[in-house]
1. Could you give the C-alpha radius of gyration of segment 1-67 expressed as a fraction of 2.2 N^0.38 Å, taking N as the number of residues it contains?
2. I'd like the chymotrypsin sites (Phe, Trp or Tyr not before Pro) in segment 1-53 restricted to DSSP loop residues with at most 15 other Cβ atoms within 10 Å, sorted by number.
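Laboratory data are not the source of any read-out in this text; all were calculated from the coordinates shown. What you are looking at is a predicted structure, and each value in this text was computed from that prediction instead of being measured. Here the Cβ is made from the backbone with ideal geometry for all residues, glycine too, and neighbour counts use every protein chain on show.
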Amino acid sequence: MCRSIKTLRPPALAEEATEDEIRAAALQYVRKVSGFRAPAAHNQEVFDRAVETVAEATAELLDGLEIRGGAGTRRAS
């Protein structure tokens, strides 16, 4: 979908994803879906809310994943 979004789980990522990495992926996703690199002032609030919502959902997903057959660990919250 968006080439600049990288996989954020082990073993693709050697260590647990940081909050900054999760937020960057969320931002790229929202940019791709909305078609805006930077929203106009009248869309900024909804754009920022979307980034936060996607980041929270991503963190929840990573926290809940069980990686079998590897050295994967869950994120510490």
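1. 1.17
2. PHE36
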